[in-house]
Amino acid sequence: MQDFAYHAPPTVAEAIALFAADPEGSRYLAGGTDLFLALEHGSSAVRSVIDLKAIPGLDGIAVQPDGGHRLGALLPMDDLMRDRAIRTNYRALAESAEVVGGPPIRNRATLGGNLCNASPAADTAVPLVAFMAMAVLSSASGGRAIPVVRLWEAPGRTVLRPGELMTAIELPPPLPASASTFERLTRSAMDIALLSASAVISLNDDGTCRLVTLALGAVAPTVISIPEAGEVLRDTNCDDAALARVVKAVIETVRPIDDIRASAEYRREMAGVLAKRALARAYAIAIEPAGITR
Amino acid sequence: MAAHTYNQVGKPIPRIDNASKLAGQAIFAEDLQPAGKMLHGLVLRSPHPHARIRSIDTARAEALPGVRAIVTAQDLPDRLVGRYLADERALATDTVRFVGDRVAAVAADTREVAQEALGLIDVDYEQLPAVMDAFDALEDIAPLLHPRMAEYEVVAMAAPAGGNICSLNELSRGDPEKAFAQADRVFEEVYTTGMVHQAYLEPHACLGIHNPDGSFTVHSSTQAPFQLRGMIADALAVSHNRVRLVPTEIGGGFGGKISMQDEVAALALARKSGYPVRIVMTRREDFLCGTPRAGFHIAIKTGVSNDAKLIARTLDILLDGGAYAHGGVLVSWALPNFAEGPYNIPHLRITARCVYTNKPPSSAFRAPGGPQVNFAIESEMERIAAEMGWDAVDFRRNNLMPDGHVSTSGATMDCVMAPETLDAALALSGYKTDQTRPAPNRGRGLAVGNWNVGGMASAAVVKLNDDGSATLLTGVVDLTGVHTALAQIVAEVLDLAMDQVTVKTLDTESAPHATIAAGSQVLKSMGDAALRATEHVREQLFALAVEPLDAPPSRMELHQGDVRVKGAPGRSVPVTNLLGRAMATSGPVVGQGATGNYKRMPSFGTHVADVEVDPDTGQVQLTGYWASQDVGIAVNPVAVEGQIHGAIVQGIGMTLSEEMIFHDDRLANANFLDYKIPSVLDVPPIETVLVEQPAVDGPFGAKGIGEPPIVPVPAAIANAIFHAVGVRVTSLPITPEKLRKAIRAKA
Amino acid sequence: MKHPLSLNLNGDMAENLVEARTSLLTFIRESAGLTGTKRGCEEGECGGCAVLLDGRLVDSCLILALEAQGKTVTTVEGLGDPHHLSPVQSAFAESGASQCGFCIPGMLLATTALLDREPDPDEASIREAISGNLCRCTGYTRIVKAIQLAAKLKHDGQN
Ligand SMILES: Cc1cc2nc3c(=O)[nH]c(=O)nc-3n(C[C@H](O)[C@H](O)[C@H](O)COP(=O)(O)OP(=O)(O)OC[C@H]3O[C@@H](n4cnc5c(N)ncnc54)[C@H](O)[C@@H]3O)c2cc1C
Ligand code: FES
Ligand code: FES
């Protein structure tokens, strides 16, 4: 690893200014659990590492006036998964944070880092897409917010402009009579996902589905959402026939790859299995009055 | 269970190295920091699986500030070395045969500089076609990986057979072909297993020093100080006394720390630079250059009679030996001795071929060959029973080898405890022979494992200190807690408290020859040497006591610091008095003991696994595990249990998730992210029972225990999966993807 | 370029000049000379290098030494020395939980972090707490037992 300069600026503005001094050679550092290996094995020269952890206020959870939640980009997975509000209102997100590595990783790995690293297997990215979360970005030219689902272009590549910094992730208010689930497959307990799925379902008063979102990880170059799930399941009881139609759409949409963890063929088949499980379980929890997450 | 009343032997005594290890004070090889300047060494390794080296240019690297020395084969004598077949060099001359083969080495002031220097060494390679599959290696058109094999010196056991076959071993009895013709049914199947890495937590490391008198000192995390010393000295073309090998604490080995790694490179760098040189492998290097368990291809054919008897069997086994003949040759040699399984089969032929490929040299890994072959044998027992409509437990019982069984190799099998371990495992797990499925997709599987445990020549010295306490001097390293067991043996014989016994590991210069710490035989070999050395001490004490006690030695015993006359507690003399007398007459009391190589002895274990299979995904969850193990006498039951737990979990890894995967002729998963060893979340609750029956030889009747408990694991789990979902995956590891495919094929 | 670094290491001030690329693991082992923290993979997979950083369990191989500026780091040497083992260390000794010992420093720190947060963990919590620490020798069985005993010893010590 080549040596580099290390900065720990106290404000977002200073971080952005430092980055601008050498846009090619700079990297933001959050938990470092991805960046470290990139520094070790990466091809391009890194001359400046800008640590974001000295900036106050980026690692908290705040409730918004509309009942939505704002999660700091520097929030570590361990804090996220233990937060009561998140566990009750955004269960799938807590469940996805719970499986990111082991405790030493979760104590460092941040939510923003998981998204900015742009791995299609990033666990928390999948429920965030299902929850239709927004990423809040900051740059010298100002701020913007974009849907998480539109964050990525390819494995390892985000739409962030050079030097643009993610400061927060905003979750819309939890829906009434809703439930969320996260499912993933691995080769052994401590592994990166072979593939993953997350579903959010909210119900009409008559118990049929009102709003359904489904997102899948590691079956395409980026985490993807499956809009057909919402279209097909709307006003249904999430019955087998409807689920079968969603599974068909999933299998036609995914573009998995072969790697040493699994073949594309297996991933394609499993995408259907996990999608169905995530949806069926979400529906079952939502319909069970005691289980309705509110 | 055997009744024995000892003071120390058989007690769950905590390990004597606990305090230093638990406080983080144990010094492993990478922790060594000699006084004064030390250089950091790194090895330049071949990026190609097979290539000719046209030239090596080190000029640019040498010019880099901070670089102190660079060595290539030019700096070493022209020597081929090997434990079994002398087929490899400490640094490559003209050919590299696997990705990771050592080409050159650099010593620099810092690791970073050494790293940079590696990138500045220009090697001109001419790539050669690679052989990445054991079957391809057998083809007539396959490139010969060692064209001069016929000229290699056979050091031990190897039986090179031309082509790429570095060892061919066969044993048979009866006439299997004729018996197949007469059998009521004949079953044939092929089983394969992947190449798996020992994945000890501590990567290899060593520190090389060139001494002022021209001799060498090397510290290494090795299981085999004496054997490694010999290879290093041979590679340097110096006599063995000129190399002092100092074994360090060792962070796990499991057979993977027997071969030579970077020791000679470190010494050559030390000689050239004038400074001590430490080489610490990265995890990736260790995956590339370690000496993993060979992948097996096993064709098994079995003839049975309608009365549930095994009549005939042939096993044709092809082992992927990798680039050099390390332990693969040993495994090939040993296979015919244990591959008959725990059964008595009148007509039997076992053929093993170990072939060269352009993969890392495969070698020993805990019961090398054992779990692979048992996977085939015990899967077949279950399959045959199911197809014949027999009870699989009865079928096994009907064919287990009897005590005194004569194996294909002609050895008599004493202390056969196969039925006892079977019964114990059934009782422990509450196994019902009318195997109804407990719930959909849940299943239970069983396997009986056998292994041969032995012992290798070893010697030990016990010194008595002037207060009667004792120090055992040994050259064997402690992987399993064996030093604690050795201390228990010394304490037992001299009737001392544990803290009155010290066990000291010495280097190869000061210790008498010791066995390697592998092969489930340390306790047996070094234990016996220690026992004899201690008995030698006792003998001397008794001789000194003849005059004061006025009794013959045969009537004496040691009791808490006194020698006394048996049955007459009043007639005693303190050991300290006797030692005082000794100083005035015969001199200090020092005992020596030695043993030669032992005949190998069978050891058995029966394991039961419970699984739950997710048929839609092929994922397997282990929900319970029970193991009975034949241990002779457990000198230290905690240590013995620890060995069983560890072996089972390694077995779980090779069964469900571990495999070295080669893509485009290169290892594609050379790290823990991609090569999955079990974490605590992959391990079910494990219950064990020790079946104790003192063995005919071995200290206090102890049998080796390090290896045997890994043997039945894959088959037990595979049988449980079969029970759960009715399909059999015949290749290890049984990944979710393979199992899902099999389930789909059946549906 | 070297930067001054000072942090609280096991209660003592550790100060030195380090390059930015130096990992906390390398700082602890080579600059501070505490070799109880182990280098098993340098990729965050094995937990051999685990230490407590301001009380939280982290893999020191994935952290720049400079990130620990002004913070408190606890390594195995900070838990207890061979003559004064902490209750957690004693529990491991008594339970036969250590074999080669290479994974043990990381396991001890994972246990310490767990018991600081959850004095009475059930088996599932124990397993979760050491799931980032690989052990190749023990099959984990006795390590889990040791942690149960450690919880008890700590309790008894407090009452
Ligand atoms: C052993 C191990 C196990 C793992 N297991 C999992 C797993 O199970 N599931 C999973 O999803 N991931 C896993 N990971 C990957 C990693 O831990 C996660 O992706 C983590 O969330 C990354 O966060 P970080 O804070 O460490 O990111 P960093 O490494 O600090 O940064 C990652 C990238 O994002 C950029 N970046 C970070 N924060 C920002 C920001 N606020 N604004 C702009 N850019 C930013 C950085 O410049 C860098 O390019 C594992 C990693 C390891 C080492
Ligand atoms: S060395 Fe840090 S996790 Fe393995
Ligand atoms: S005791 Fe050896 S790795 Fe855990």
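If I model a spin label at residue A:248 and residue A:54 as a point 7 Å from the Cα along the Cα→Cβ vector, what separation in nanometres do I get?
In this crude spin-label approximation the distance works out to 5.9 nm.
What's the buried accessible area, both sides, between C and B using a 1.4 Å probe, rounded to 100 Å²? Before the final figure, lay out each step's value.
Numbers: alone 8450 and 27460 Å², together 32000 Å².
Its buried surface, counting both partners, is about 3900 Å².
Rounded to the nearest Å, what's the spacing between the alpha carbon centres of region B:152-208 and region A:66-95? Just the number, please.
Rounded to whole Å, the Cα centres lie 55 Å apart.
Could you tell me, in Å, what Rg and Dmax come out for the Cα atoms of region C:2-78?
So, for region C:2-78, Rg and Dmax equal 10.9, 29 Å respectively.
Of A:142, A:7, A:71, whose Cα points farthest to the positive end of the dipole of chain A (charges on the beta-carbon: +1 Lys, Arg; -1 Asp, Glu; origin at the Cα centre)?
It is A:71.
With a 1.4 Å probe and every protein chain left in place, tell me how much accessible area residue C:104 has, in Å² to the nearest 10.
It works out to around 0 Å².
Rounded to the nearest 100 Å², what is the buried accessible area between A and B, both sides summed, probe 1.4 Å?
Working: alone 13470 and 27460 Å², together 39170 Å².
Buried area between the two chains comes out at roughly 1800 Å².
If you average the alpha carbon positions of region B:347-370 and of region B:434-476, how far apart do those two centres end up, in angstrom?
For region B:347-370 versus region B:434-476, the Cα centre distance is 23 Å.
Rolling a 1.4 angstrom probe over the protein heavy atoms, how many square angstrom per residue are accessible across region C:1-108? Working shown, then result.
Numbers: 3380 Å² over 108 residues.
On a per-residue basis, 31 Å².
Compute the FRET efficiency between residue A:82 and residue B:148 as 1/(1 + (r/R0)^6), taking r as their Cβ-Cβ distance and R0 = 60 Å, and round to the nearest 0.05. List each step's numbers first, then the result.
Working: r = 64 Å, r/R0 = 1.07.
About 0.40, to the nearest 0.05.
Quick one: Karplus J couplings for region B:98-108, per residue in order, coefficients 6.51, -1.76, 1.60, θ = phi - 60°, nearest Hz, x for Gly and Pro?
Each residue of region B:98-108 in turn: 7, 5, x, 4, 6, 10, 7, 9, 10, 10, 9 Hz.
Can you work out the base-10 log of I(q)/I(0) for region B:87-132 at q = 0.23 1/Å, using the Debye formula on its C-alpha atoms alone?
-0.94
Please name the residues of region B:704-747 whose accessible area, counted over protein heavy atoms with a 1.4 angstrom probe, falls by no less than 10 Å² between the chain alone and the full protein assembly.
Going by heavy-atom accessible area, the residues of region B:704-747 that drop by at least 10 Å² are B:736, B:737, B:740, B:741, B:744.
With a Förster radius of 45 Å, plug the Cβ-Cβ distance of residue B:465 and residue B:239 into 1/(1 + (r/R0)^6) and report the FRET value to the nearest 0.05. Before the final figure, lay out each step's value.
Numbers: r = 34 Å, r/R0 = 0.75.
Step by step, r from the Cβ atoms, then E = 0.85.
Using C-alpha positions alone, give me the convex hull volume of region A:5-51 per residue in cubic angstrom.
Measuring per residue, one finds 61 Å³ for the Cα hull of region A:5-51.
When all C-alpha to C-alpha distances in chain B are sorted into bins of 20 Å, what percent of pairs does each bin hold, rounded to whole numbers?
17, 47, 30, 6, 0
Could you pull out every whole DSSP H run in chain B that spans at least 20 Å of Cα extent along its own axis and averages 0.5 or higher on the Kyte-Doolittle scale? Intermediate values should be presented prior to the final figure.
Details: long enough: B:370-388 (26 Å, -0.16); B:522-549 (39 Å, 0.29); B:637-656 (28 Å, 0.89).
Membrane-span-like by this criterion, though nothing is claimed about a membrane: B:637-656.
For chain B, give the magnitude of the charge dipole about the Cα centre (Cβ charges: +1 Lys/Arg, -1 Asp/Glu; no others), in debye to the nearest 20. Mind showing how you got there, number by number?
Values: 64 positive and 84 negative charges, 73 e Å.
It comes to approximately 360 debye.
Let's see if you can work this out: charge +1 on each Lys and Arg Cβ, -1 on each Asp and Glu Cβ, no other charges. What is the dipole magnitude of the protein assembly as shown about its Cα centre, in debye to the nearest 20?
220 debye
Leaving ligands and nucleic acids out of the surface, order B:301, A:53, B:21, B:272 by accessible area at 1.4 Å, largest first. Present the calculation step by step, with values, prior to reporting the outcome.
Details: B:301 60, A:53 80, B:21 5, B:272 105 Å².
Final ranking, largest accessible area leading: B:272, A:53, B:301, B:21.
Given the protein chains as shown and a 1.4 Å probe, how many square angstrom of residue B:284 are accessible, to the nearest 10?
Ignoring ligands and nucleic acids, residue B:284 comes out at about 130 Å².
Tell me the net charge near residue B:88. Cut-off is 15 Å between Cβ atoms, residue B:88 excluded, with +1 for each Lys or Arg and -1 for each Asp or Glu. Walk me through the numbers on the way to the answer.
On the way: positive: B:45, B:79, B:83, B:89, B:97, B:102, B:148, B:359; negative: B:78, B:87, B:94, B:101, B:151, B:153, B:234, B:262, B:263.
Around residue B:88, the surrounding residues sum to -1.
Kirkwood hydrodynamic radius, computed over distinct alpha-carbon pairs, for region A:61-171: how many Å, to one decimal?
For region A:61-171, inverting the mean 1/r across all distinct Cα pairs yields 13.9 Å.
Mind checking which of B:615, B:578, B:598 is farthest towards the positive end of region B:525-635's charge dipole, using Cβ charges of +1 (Lys, Arg) and -1 (Asp, Glu) about the Cα centre?
In region B:525-635, that residue is B:578.
Dipole of region A:5-51, Cα-centred, from +1 at each Lys and Arg C-beta and -1 at each Asp and Glu C-beta, to the nearest 20 debye? Numbers along the way, then the final one.
Numbers: 2 positive and 6 negative charges, 6 e Å.
Magnitude of the dipole: close to 40 debye.
How charged is the neighbourhood of residue B:662? Take every other residue with its Cβ under 11 Å from the Cβ of residue B:662, and add Lys/Arg as +1 and Asp/Glu as -1. If you can, show how the numbers build up before the last one.
Details: positive: B:359, B:666; negative: B:133, B:320, B:659, B:664, B:665.
Net charge in that neighbourhood comes out at -3.
Compute for region A:32-118: radius of gyration divided by Kirkwood radius, i.e. Rg/Rh, restricted to C-alpha atoms, rounded to two decimals.
We get a ratio of 1.02 for region A:32-118.
Residue B:400 accessible area, nearest 10 Å², 1.4 Å probe?
20 Å²
Amide H to amide H, which residues 5 or more places from residue B:311 or on other chains are under 5 Å from it, using H placed in the peptide plane?
B:303, B:304, B:305
Could you work out the Kirkwood radius for region B:113-225, taking every pair of different alpha carbons, averaging 1/r and inverting it, reported in Å?
Values: mean 1/r = 0.0479 Å⁻¹.
Computed over Cα pairs of region B:113-225, the Kirkwood hydrodynamic radius comes out at 20.9 Å.
Could you sort B:585, B:58 by their accessible area in this structure, using a 1.4 Å probe and putting the largest first? Present the calculation step by step, with values, prior to reporting the outcome.
Details: B:585 105, B:58 25 Å².
So, going from the largest accessible area down, we get B:585, B:58.
How large is the convex hull of the C-alpha atoms of region A:178-287 per residue, in Å³?
Working: hull volume 9.2 nm³, N = 110.
Considering the Cα atoms of region A:178-287, their hull volume per residue is 84 Å³.
Applying 1/(1 + (r/R0)^6) with R0 = 41 Å to the Cβ-Cβ distance of residue C:156 and residue B:190, what FRET efficiency is obtained, to the nearest 0.05? Working shown, then result.
Values: r = 58 Å, r/R0 = 1.40.
Once the sixth-power term is evaluated, E becomes 0.10.
At residue A:211 and residue B:52, where each label point lies 7 Å from the Cα along Cα→Cβ, what is the point-to-point distance in nanometres?
Label-label distance for residue A:211 and residue B:52, simple model: 7.0 nm.
Sequence gap at least 6, Cα distance under 8 Å: using those rules, report the relative contact order of region A:5-51 to the nearest whole percent. Walk me through the intermediate numbers first.
Numbers: 47 pairs, mean separation 27.4, N = 47.
Averaging sequence separation for qualifying contacts and normalising by length gives 58 percent for region A:5-51.
I need the GluC sites (Glu not before Pro) found in region A:1-103, filtered to DSSP loop residues with at most 15 other beta carbons within 10 Å of theirs. Each step should come with its number before you reach the end.
Values: sites: A:14, A:24, A:40, A:95, A:98; in loops: A:24.
Taking region A:1-103 and a limit of 15 other Cβ atoms within 10 Å, the loop GluC sites (Glu not before Pro) found are A:24.
In percent, what relative contact order does region C:51-135 have, based on Cα pairs under 8 Å that are 6 or more apart in sequence? Write down the numbers at each step before the final one.
Details: 65 pairs, mean separation 23.8, N = 85.
Over region C:51-135, the number comes to 28 percent.
If you rank B:384, A:61 by how much accessible surface each has, with a 1.4 Å probe, what is the order from largest down? All intermediate terms of the calculation are to be shown ahead of the outcome.
Numbers: B:384 0, A:61 55 Å².
Reading off the accessible areas and sorting them downward yields A:61, B:384.
How fast does chain A diffuse by Stokes-Einstein, in µm²/s, taking the Kirkwood radius from C-alpha pairs at 10 °C and 1.306 mPa s? Don't skip to the end; give the middle numbers.
Numbers: Rh = 19.5 Å.
It comes out at roughly 82 µm²/s.
Compute for chains C and A the buried accessible surface, both sides summed, probe 1.4 Å, and express it in Å² to the nearest 100.
Numbers: alone 8450 and 13470 Å², together 19770 Å².
Using a 1.4 Å probe, the pair buries roughly 2200 Å².
So for chain C, considering every pair of alpha-carbon atoms, how many percent are separated by more than 25 Å?
On the way: 3445 of 12561 pairs.
Percent of Cα pairs beyond 25 Å in chain C: 27.
Quick one: accessible area per residue over region A:61-171, 1.4 Å probe, rounded to a whole number of Å²?
On the way: 3810 Å² over 111 residues.
Value returned for region A:61-171: 34 Å² of accessible area per residue.
State the percentage of accessible surface on the protein assembly as shown attributable to carbon and sulfur atoms; use a 1.4 Å probe and exclude ligands, DNA and RNA.
Working: 21060 of 41640 Å².
For the protein assembly as shown, the apolar C and S fraction of the accessible surface comes to 51 percent.
How big is the protein assembly as shown on each of its three principal axes, counting only the C-alpha atoms and giving the largest first in Å?
Over the protein assembly as shown, Cα extents along the principal axes are 99, 76, 73 Å.
Greater than 19 Å separation of Cα atoms is the criterion. Which listed pairs, B:301/B:741; B:257/B:703; A:248/A:276; B:301/B:359; B:566/B:703, meet it? Mind dumping the intermediate values first?
Numbers: B:301/B:741 25 Å; B:257/B:703 23 Å; A:248/A:276 10 Å; B:301/B:359 29 Å; B:566/B:703 31 Å.
Pairs exceeding 19 Å: B:301/B:741; B:257/B:703; B:301/B:359; B:566/B:703.
Quote the relative contact order of region B:353-510 in percent (integer), defining contacts as alpha-carbon pairs under 8 Å separated by 6+ residues. Don't skip to the end; give the middle numbers.
On the way: 112 pairs, mean separation 21.3, N = 158.
Computed over region B:353-510, the figure is 13 percent.
So which residues of region A:6-41 lose at least 30 Å² of accessible area, probe 1.4 Å, when you go from the chain by itself to every protein chain present?
The answer is A:6, A:36, A:37 - residues whose exposure falls by at least 30 Å² when every protein chain is included.
Just report the Cα centroid separation between region A:1-64 and region B:242-261, whole Å.
Taking the Cα centre of each part, region A:1-64 and region B:242-261 sit 42 Å apart.
Please give the residues from region C:56-99 for which the solvent-accessible area of heavy atoms, probe 1.4 Å, is smaller by at least 50 Å² with all protein chains in place than with the chain isolated.
C:56, C:57, C:62, C:64, C:67, C:82, C:93, C:98, C:99
The values are calculated or read from the model by the stated rules, or taken from the named source; none is laboratory data. Predicted model only: the values in this text are computed from it and were never measured. Here the Cβ is made from the backbone with ideal geometry for all residues, glycine too, and neighbour counts use every protein chain on show. Keep in mind that these areas ignore ligands, DNA and RNA; they rest on the heavy atoms of the full protein, side chains included. Shrake-Rupley method; radii C 1.70, N 1.55, O 1.52, S 1.80 Å.
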